[in-house]
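What follows is a short report on a single structure.
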Amino acid sequence: MTIDGDAFRELTEPYRAELRVHCYRMLGSLQDADDALQDTMLAAWQGLDGFEGRASMRTWLYRIATNRCLNARRSAARRRAKEWDVPGVEPPEPTRLGEVVWLEPFPDALLPGPEASYERSESVSLAFVTALQTLPPRQVAVLLLRDVLGFHADEVAEMLDTSVDAIKSALKRARAAIQAPDRRQSEPAEEAIVARFVRAWESADVDALVALLTDDVFMSMPPIPFEYEGRDIVARFCAGIFAAGRRFRLIPSRANGQPAFGAYLLGPTGAGRPAGLYVLGLRGDRIAAMSRFETTVFGSFGLPSMTPPPPNGLLGHERTPRDEEPRPLR
């Protein structure tokens, strides 16, 4: 097949968004997913003359993308864990050190339109994507291609150059190792929980925050490997963040089909500097998970580099010298 660049873009553009999500699920990083997507499109352009049309264009692109991601997972060194670097805050001893430290959030704004309702539920949730990173690469590919994307076993076998029996075996092992994440909350329940969370966090009301948490609430903060499980220790962690008069402003966003917030540490005039992106996992009418990510992801979410002070000038709460030069919690 010989076509020009415009015709190639017309052929492939309908699949770019869903291919990016597929690469993200496999790699756990939006940056790595974009790199894999670029490699996929370059390989497709260079190999277009060899496309014989036996499979659809979509299937052919997924074959290329999946194998690019498999190569990336096998050959690239994963990002290293980062040390705790929040000035003036001594965190509690973590419950454990996390295995997955290279995870990044995925902006809902980049989810493909026609599939958004499904993409924003279990198939792109942080719990699911995190679990995928712990599986062997080929099991990840098989699970996604079969259970999430719905390709037939023979199609997946051809994509991965293996047998149908090998696909069935890999899928069985992957299903046994991974638990399907909870489904998304209904809008009214989510809105109520989110409003209460914002009030509690912005007012540094630890008691109100604790009332929102499940008994087994789980908190992580990649690439820092610290993980906390249980209401009491998560409450201690949050109390430490609020210590010394620290106050925050939250700007709402969405990530991985879940409510998210850009958190800004407020200075003496009320202007805010980025402090981290928080993503909430909800269960019933409670918060079951909190994930904090680096400020480096703010650009992907369209979050501002700073927030302006309120119109009336200085904040009303008491501050300490440590607040005079607020630093981003990188």
Legend entry - Sequence-separation-based contact order of segment 187-323, relative, with Cα cut under 8 Å and 6+ spacing, percent: 24
Inset, instruction - Stick to the Cα atoms of segment 186-228, pair each with every other, and give me the Kirkwood hydrodynamic radius in Å at one decimal. - result: 11.8
Inset, instruction - With 5 Å bins from zero, work out the P(r) of segment 187-323 over every alpha carbon pair and list the percent per bin. - result: 2, 10, 19, 24, 21, 15, 7, 2, 0
Inset, instruction - Evaluate the Kirkwood expression for the hydrodynamic radius of segment 20-88, namely the inverse of the mean inverse distance over all pairs of different C-alpha atoms, and round to one decimal in Å. - result: 13.5
Legend entry - Percentage relative contact order, segment 1-159, counting C-alpha pairs under 8 Å, at least six apart: 30
Legend entry - Euclidean distance between Cα centres, segment 228-264 to segment 1-51, Å: 36
Inset, instruction - Could you work out how far helix 187-202 tilts from the main Cα principal axis of the chain, as a 0 to 90 degree angle to the nearest 10? - result: 40
Legend entry - Degrees between helix 5-27 axis and first principal axis of the chain (Cα, 0 to 90, nearest 10): 60
Legend entry - Packing-based ranking, highest mean first, of 217-227, 295-305 given that Cβ atoms within 10 Å are counted: 217-227, 295-305
Inset, instruction - Find the relative contact order for the chain and round it to a whole percent, using C-alpha pairs within less than 8 Å whose residues are 6+ positions apart. - result: 17
Legend entry - Protection-proxy order for peptides 24-31, 44-51, 147-154, 56-63, each taking the mean of Cβ atoms within 10 Å per residue, highest first: 24-31, 56-63, 147-154, 44-51
Legend entry - Sequence ranges 287-293, 163-169, ranked by mean other-Cβ count within 10 angstrom, highest first: 287-293, 163-169
Inset, instruction - Grab the DSSP H runs of the chain that are 4 residues or longer, score each as -39,500 (n - 2.57), total them, divide by all residues and round the 222 nm result to the nearest 500 deg cm²/dmol. - result: -12500 deg cm²/dmol
Legend entry - Taking the C-alpha atoms of the chain, convex hull volume expressed per residue in Å³: 146
Inset, instruction - Place a +1 charge on the Cβ of each Lys and Arg in segment 187-323 and a -1 charge on the Cβ of each Asp and Glu, then give the dipole magnitude about the Cα centre in debye, rounded to the nearest 20. - result: 460
Inset, instruction - Amide H neighbours of L282 under 5 Å, at least 5 residues apart or on other chains, H built in the peptide plane: list them. - result: A288
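Any read-out appearing in this document is the output of simple, stated calculations on the displayed coordinates, not a laboratory observation. A quick note: this is a predicted structure, and the numbers were derived from the prediction, not measured. No Cβ is skipped: glycine too gets one built from the backbone with ideal geometry, and neighbour counts run over all protein chains shown.
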